[in-house]
Every structure is written in C-alpha cells, then in structure tokens.
Amino acid sequence: MTTLVRCINGHEVQGEDPEAAVPCPVCGAVERSLLTPPTLPDLRPSLSLGGVDARLPSLTGYTLIEEIGRGGMGVVYKARQESTGEIVALKVIRKERLGGGDLVSRFRREALAAARVQHPGVVRLNEVGIDGDPLFLAMEYVPGLTLQQLVEKQGPLPLGMACDFIRQTAQGLQHAHDQGLVHRDIKPANLMVIAPTGLPLPPRPVIKVLDLGVARLTPLSSQDLALTTLTRDGSVIGTPDYIAPEQLEDARTVDGRADLYALGCTFYFLLTGQVPFPGGSLIQKLDKQRYQMPVPVNQVRQEIPSAVATIVRRLMAKHPDDRYPSPGDLVGVLETVLRTGTLPDWHQPTTLTPTATLTGHAGIITALVFLDDKTLVSGGADRTIRVWDLAARKEKARLGDGKHSVGCLTLASATGHLFAGQGVTVRGYDPAGREVLRLSGHSDAVRCVALTADGKRMLTGSVDRTVRLWDLGRASEIQRFGPHRAEVTGVALSPDGRIALSCSRDGTLRLWETSNGKEVRAFGTPRGPALALALTPDGLGVYSAHFDTTARLWEVATGREQRRFGGHKQMVAALTPVGLSRILTAGHDQTIRLWDALSGAELAAGQGHAGAVGAVAVSPSGAVAASAGFDQVIRLWALPG
C-alpha cells in the first residue's frame with residue numbers, strides 16, 4: 001500500500017513502506033513523519049485529531065491525548081499521567097525496534113542514566129518504563145516550537161536571537177556532558193523554544209534540549225535505517241545534515257565535541273535558513289561532512305559579522321581538537337560576542353558606572369545593608385559598623401564597641417532593628433543605634449544571618465559549621481541544624497519560618513525543617529564551595545553563589561535547578577535579589593552583574609573595584625546598588641529600571 005510521508009524538511013513523498021530507510025529524493029533527509037499513520041496494536045476507539053484519523057494505543061497509568069511526533073524509534077504522544085494529572089510527552093518504543101535482548105538491557109541502563117540530567121535547559125525525564133512492552137519514556141511536556149519549525153515559519157533568525165539560542169543550548173549540553181552523557185543528535189528539530197501561545201515568541205525566549213542522552217544512547221537493529229546512517233554495530237549516530245565527521249567513523253568513541261560540531265551546523269541553519277550542505281544524495285552529504293567546509297555564513301547572509309562566522313567555522317572544524325574544548329567554553333565566547341555592540345540592543349548588557357565612592361574603612365568590607373534609600377550601613381574586618389548618609393556622601397555614625405570583626409549585617413524591616421554578626425555573637429541595634437540584644441552560643445565567628453518576615457526569629461551560620469535558630473523575644477537558641485563539614489557561608493529562612501536553608505564551603509546547599517531540625521534535602525550543587533544564598537522575594541526559589549563562577553536559581557519545593565547565571569570570570573562571592581525577577585551578583589573578578597531571573601540573560605555589568613567584590617546590597621526602591629570588598633572602598637551604582 002502506498003503511504004504519503006513528509007520528511008523532516010517538509011517535502012512530501014510517496015512510499016510503499018513508511019519505515020523504510022529511503023532518503024528524501026529532494027533533500028536526502030531520512031527522518032520523516034507519516035501523513036497517514038499506520039495501524040498500531042492495542043488500539044483504543046478512534047479519535048479525530050486535526051482532521052486526521054489517529055488510533056491511540058493504551059498504556060497503563062497514562063491517558064493518551066494526541067500524537068505529537070514520530071521517528072524511527074517509536075511515537076511521541078501528548079498524555080496525562082493519571083496518578084498526578086501532569087501533562088507529559090510520552091515516547092512509546094516497541095522492543096522489536098531495539099533488536100536483541102542485550103540492546104534492550106542497554107536501553108534500560110542508559111535511559112535511567114539520562115534521568116540523572118536535571119537542568120532548566122534540558123527537557124526533564126520523569127519516568128522510564130523498562131519492564132513491559134512497549135517500553136516508554138515519560139518526559140516533561142514543553143509547549144512551543146522546535147527551532148526547525150520556527151525557521152520554517154519565519155526564515156533565518158535575528159542575529160542576536162540565534163546567538164542566544166546557541167548559548168542556551170550549550171549551557172544545557174555542558175550539564176549533560178558533566179554527567180557523562182553525549183547527545184549525538186543535536187539539530188534544530190531537537191531544540192524547543194518555549195512559546196505556550198505560539199508566535200510571536202515571548203520577549204526573552206527560553207530553549208529546551210529534547211531527547212538528551214536517549215537519542216545518544218539508544219541503539220537500533222541492523223536493518224533499521226529510519227533515522228540515519230549506522231555504524232557497523234548498528235547504533236544510531238545522528239542526522240546527516242548535522243553529524244560530526246568522527247561520528248561517522250565510530251559513534252561509540254565520540255565525546256562532547258561531536259555535539260559541538262552538530263551545534264555548529266544548527267547555528268548555520270538558524271543564521272541562514274539552510275543546512276550547511278544542501279542538496280545532493282545521502283552519500284554525497286556525508287562525504288561533505290567528512291571533508292568539506294560549507295560556504296561561510298557571512299557569504300550566505302552578508303550582515304553576519306566576522307566574529308560570528310568565526311564561531312560557526314570553529315564549531316564545524318573537521319578535527320575535534322580544532323573545536324572549542326567544551327560547551328562551557330562556547331558559552332563564554334558567545335557571551336563576549338553578545339556584548340560587542342554588533343548585536344540588537346536587547347541582548348547587550350548595559351554598562352554600569354559608579355555614581356559615588358565611599359571611603360573610610362581600614363580593612364576588607366564584608367557586609368552591606370540599606371536602612372532606606374538614603375542610608376547605608378557597612379561592616380568589615382576593621383571591627384567597625386559605619387552608617388552612611390548617601391545624600392551627603394559621608395559617614396554619619398558608628399555602632400558597637402569596635403572589638404570584633406563584622407561578618408554579616410541584616411535589617412528587620414518589621415521593627416527597624418539592625419543585626420550584626422560580631423565575632424562569635426550577634427548583636428541587635430535599635431533605630432537610635434543602641435545595642436538592645438546579644439545572642440551568644442556559637443564557638444567561632446558568625447558569617448551569615450537571616451530573619452523571618454515578622455522579625456521574631458533569626459537563623460545564623462558560623463565558621464563553627466553549625467546553623468542555629470533563635471527566638472529573639474527570649475534571646476535563646478531553639479534549634480540547631482547540621483553540622484556542615486566546613487564553614488557556613490549563607491543562610492535563609494522562609495517568610496513563615498518553617499523552612500531553613502544553608503550553604504557552606506563544603507560545597508552543599510541544604511534545606512531543613514525548623515520544627516524538628518531534620519534535613520529535607522541537599523541540592524545538586526556543583527563541586528567547590530557554595531559562598532552565598534538568598535531566597536527569592538516570594539519564597540519559592542533560592543539563589544546560590546558558587547566557586548565555579550556561576551550563580552544558580554533552585555526551586556525550593558523540588559530542589560530542581562531552574563536557572564544558571566554564567567558570566568563572571570572568577571568565583572561569585574555575594575548576591576541579592578532585585579525585586580521579583582532580577583538578581584545582582586558580585587565576584588572576585590572585580591565586577592557586579594545584574595541578571596534577568598526568568599531567562600538567565602545578563603542585563604548589566606559594572607567594573608570599578610581594584611579588588612575582589614565580596615558584598616552587595618540593593619536599596620528598598622531597587623534603584624541603587626552598593627558594592628564593596630577587598631579594596632576597602634564602597635561604590636554606589638544606579639541600576640536600570
């Protein structure tokens with residue numbers, strides 16, 4: 001029976017066998033979708049989906065809604081998980097598509113390995129069905145368009161958008177590579193832009209990588225060529241228009257640089273609207289991937305700057321050693337290019353310039369807090385707490401006895417009281433500057449403090465590795481958490497005081513129940529010290545700062561990483577929220593940076609310190625930021641609205 005099929009590039013052809021590995025006669029693509037779906041076993045009653053009569057199989061635990069994709073491995077459905085009500089993307093795979101029992105076992109192992117990948121730029125794998133037939137993967141459902149669909153609808157992407165989409169993809173790939181997984185099938189059809197309402201896209205569109213790990217690790221039987229060409233052992237190695245040369249030789253030995261080659265081909269497509277080697281037979285296309293370079297992107301589209309053309313050319317270098325060493329390196333390069341001034345304004349971070357400088361401290365400044373938009377308080381290693389009149393640009397008062405270094409400062413908005421970690425104690429000062437409270441109990445210096453919204457309870461962290469909860473009315477300790485294995489560097493309390501969070505130089509970020517002191521979870525932080533944390537204003541997320549030069553946003557309820565902010569060149573030492581959707585970070589690279597928390601985009605950056613920056617604060621209005629650190633100078637900055 002003749003069946004009408006459509007290739008991945010949209011060309012419709014007639015074929016006797018919809019599963020046969022016959023390249024599209026127009027473009028050579030072998031991945032296709034059926035316009036007349038075949039009959040599948042275990043059928044439910046017919047449903048009319050968009051004018052096409054589709055019959056849906058049944059799967060225990062899921063209600064299938066509609067078919068949303070099809071490939072050589074199986075079919076992808078939009079489905080509802082009956083136990084949770086969550087809408088998921090359900091990839092159903094028949095065992096016969098995998099071949100022998102050893103390959104089924106390998107699929108099981110490697111699908112479970114892919115479930116380790118937890119990154120906001122990668123579609124989440126919720127469940128792996130590995131015991132029955134069919135096998136299935138239940139994945140996060142992402143409403144939107146693939147980049148293949150976006151380019152088909154709108155043509156080549158704006159330059160800044162294409163660069164940012166590749167940057168986001170590289171961030172997700174770096175996380176996957178860190179887990180030991182290589183995708184091996186990066187292409188526009190496997191990159192989804194979140195767009196719940198379709199076109200036009202949101203102001204700062206977010207990319208999700210599809211099928212991470214599974215596309216790389218799933219083998220096919222030797223007679224099945226439905227996706228692409230095969231190695232001698234019959235494993236899938238990619239899609240012809242996007243495949244790395246070394247992947248054609250031996251897909252089993254490639255590393256993450258194969259993904260970078262495919263990402264270069266994808267970048268080419270986003271910028272030009274065409275694949276690097278259009279036309280020709282499948283064999284001709286694969287030979288070009290091995291031995292030829294495509295026409296430079298800036299010859300296909302002349303407004304593309306040479307800097308971007310150079311990135312594409314290096315990504316598509318034939319030898320892996322000539323490409324970028326890792327996706328993380330590519331991220332850094334793209335972030336630099338996005339700040340050169342050659343791209344659209346909405347992608348260019350604003351340059352911050354200091355509006356004022358405050359001097360007087362005789363040691364490292366470790367803490368800053370605004371009392372109001374006109375008053376700033378600072379503390380440091382010189383054992384002083386100084387109150388600054390910002391209108392007059394001068395110091396107007398000092399607090400405390402000057403006997404102990406100041407490790408941290410915080411303001412109780414409900415009462416107007418200022419609290420300072422001074423040596424092993426925490427001291428409270430009323431609005432008149434009088435000491436009205438002293439908490440003692442830590443055996444080493446207090447480094448961080450946090451308060452509940454009503455100002456009645458306080459959480460402290462110390463070099464003694466403990467986290468302690470205090471009742472301020474009674475000036476007494478009521479709960480202890482931990483200990484950590486190293487100095488506690490940051491603490492936070494939920495507004496209602498039920499949840500406590502702490503981070504430490506031991507590299508952990510941990511969540512505790514304040515009622516019983518029990519640890520609820522440890523977050524999946526990167527290696528190296530965690531240096532600061534702060535709750536989002538709504539209490540649903542927590543920001544963290546890390547030695548690996550990143551800041552991250554986590555979902556408190558699940559512990560999942562939601563966003564990553566990468567742009568500092570040295571460790572991020574301090575951070576603070578700026579309203580509901582922005583964050584300000586400070587690093588040892590002598591810079592402060594303002595980020596959009598929804599997209600991860602860098603909005604502004606300022607450089608002016610002569611040493612590492614270790615403290616930042618933002619005024620209540622969000623209009624002014626203060627920074628300080630090793631150079632013993634406080635700098636004020638006007639933040640963009």
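In table form, for the structure just shown:
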{"item": "Hits in the stretch 495-514 (condition: of a type in the set (Gly, Ala, Ser) and at pLDDT 95 or above)", "result": "500, 502, 504, 507"}
{"item": "Test: residue in the stretch 503-510 that is closer than 27 Å to residue 372 by Cβ, in contact (Cβ under 8 Å) with a residue 40 or more places away in the chain and surrounded by 17 or more Cβ atoms within 10 Å (Cβ to Cβ)", "result": "no"}
{"item": "Residue that is farthest from the chain's Cα centre (by Cα) [pool: residues in the stretch 147-157 that are under 22 Å from residue 259 (Cα atoms) and surrounded by fewer than 19 Cβ atoms within 10 Å (Cβ to Cβ)]", "result": "156"}
{"item": "Filtered residue count, the stretch 158-188, keeping only those that are surrounded by 20 or more Cβ atoms within 10 Å (Cβ to Cβ) and more than 20 Å from the chain's Cα centre (by Cα)", "result": "3"}
{"item": "Of all residues in the stretch 207-260 being at pLDDT 90 or above and assigned to a loop (DSSP other than H, G, I, E, B), the one that is surrounded by the fewest Cβ atoms within 10 Å (Cβ to Cβ)", "result": "243"}
{"item": "Contacts under 8 angstrom Cβ, first residue in the stretch 620-639 being touching a residue at least 12 places away in the same chain (Cβ under 8 Å), partner aromatic (Phe, Trp, Tyr), 6 or more apart", "result": "620/370; 624/370; 624/637; 625/637; 626/370; 626/637; 627/637; 634/388"}
{"item": "The one condition in (1) closer than 30 Å to residue 595 by Cβ; (2) surrounded by 22 or more Cβ atoms within 10 Å (Cβ to Cβ); (3) aliphatic (A, V, I, L, M) that residue 333 fails to fulfil", "result": "(2)"}
{"item": "Matching residues in the stretch 621-640 - criterion: being buried (at least 24 other Cβ atoms within 10 Å of the Cβ) and small (Gly, Ala, Ser)", "result": "625, 626, 627, 628, 629"}
{"item": "Elements of type strands (runs of 3 or more DSSP E) contained in the stretch 449-504, each with 2 or more residues being assigned by TED's automatic domain parsing to the domain that holds residue 540, polar (S, T, N, Q) and over 32 Å from the mean Cα position of the chain (by Cα)", "result": "476-481"}
{"item": "Unmet criterion (only one of (1) without any contact (Cβ under 8 Å) to a residue 24 or more places away in the chain; (2) surrounded by 14 or more Cβ atoms within 10 Å (Cβ to Cβ)) for residue 485", "result": "(2)"}
{"item": "Test for residue 465: is it basic (Lys, Arg) and under 19 Å from residue 532 (Cβ atoms)", "result": "yes"}
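Every residue, every condition in (1) hydrophobic (A, V, I, L, M, F, W, C); (2) not in a loop (DSSP other than H, G, I, E, B), yes or no:
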| site | (1), (2) |
| --- | --- |
| 410 | no, yes |
| 418 | yes, yes |
| 421 | no, yes |
| 426 | yes, yes |
| 431 | no, no |
| 437 | yes, yes |
| 442 | no, no |
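The values are calculated or read from the model by the stated rules, or taken from the named source; none is laboratory data. Note that the coordinates shown come from a computational prediction; the quantities given were computed from them, not determined experimentally. Cβ atoms come from the backbone with ideal geometry, glycine included; neighbour counts cover every protein chain shown.
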